[in-house]
1. Using 7 Å Cα-to-Cβ label points, what is the A92/S48 separation (nm, one decimal)?
2. I want to check the label-to-label distance for V185 and D147. Put each point 7 Å from Cα in the C-beta direction and report it in nm to one decimal.
3. How far is it, in nm, from the label point at S28 to the one at T57 when both lie 7 Å from their Cα along the line to the Cβ?
4. From the residues Y167, N27, G4, which one has its Cα farthest along the dipole of the chain in the positive direction, the dipole being from +1 and -1 charges on Cβ of Lys/Arg and Asp/Glu about the Cα centre?
5. Please state the charge dipole magnitude for the chain, taken about the Cα centre, from unit charges on C-beta atoms (+1 on K and R, -1 on D and E), reported in debye and rounded to the nearest 20.
6. To the nearest 0.05, what FRET efficiency results for V64 and E175 with a Förster distance of 35 Å applied to their C-beta separation?
7. What does the C-alpha gyration tensor say about the overall shape of the range 7-190? Classify as rounded when a/c is under 1.5, otherwise prolate if a/b is larger than b/c, or oblate.
Amino acid sequence: MTSGSDVYTIGYGHHSAAHFVSLLQENSITAVADVRSQPYSKSNPEFSCDSLRESLTSADIAYVFLGKELGARTSDERCYRAGKVEYDLLAATPLFQAGLARIEKGRMDRRIALMCAESDPLDCHRCILVGRHLFARDVPIQHILGDGRIEDHVSAMRRLIGLLRIYDARTHENEEDITTEAYRVQGERIAYRRIPEKSHQYNFWR
């Protein structure tokens, strides 16, 4: 395993900006990597990039936007099947791989938290997509939960397997295969799906 800090993940959920920053400080986070595809929030404007950067800077925490590299709503048309992102295709793109490499390099001298919106990491691509592939590169992953508790990535995946009840149907398989299936099932559940454009209706009898 390479040296460097563990990589954390966090969702702002229903937190206030002040509480969000306090959770980062409690875990000695020195840099936030925003992995939202679009770093804005109408319902939580304090977490739009400019306001968030200001709050983090005041706490001496760096901010970097990595939504282009590691966001779930990719603009790469090759990653879509029937209007829905396929995580395996997205993970194989050079841009995504470059984003992972940037996190790997950054953790050598920073304590990084990957940030998105969802409170539970299991409901977010920061765990099911980004965390998965960092973990596969031997990067230790720790998830900061909505109540402030820390859940390591192996425990998070075991929790997901239990929630999906995959053991019940696939007890003949080993844990690695079961975990892969859990990633697949949850990825399909949470992956971004484009809203189909409404077809124009023409009344030819008018």
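Bear in mind these aren't lab numbers, they're just calculated from the coordinates by the rules spelled out. As the structure is a prediction and not an experimental result, all values here were calculated from the model. Cβ atoms come from the backbone with ideal geometry, glycine included; neighbour counts cover every protein chain shown.
1. With each label placed 7 Å out from Cα toward Cβ, I get 3.8 nm.
2. Reported label-point gap for V185 and D147 is 2.4 nm.
3. 2.7 nm
4. It is Y167, whose Cα lies furthest towards the positive end.
5. So the magnitude is around 760 debye.
6. For R0 = 35 Å, the calculated efficiency reads 0.55.
7. Prolate is the answer for the range 7-190, as a/c is 1.5 or above and a/b outweighs b/c.
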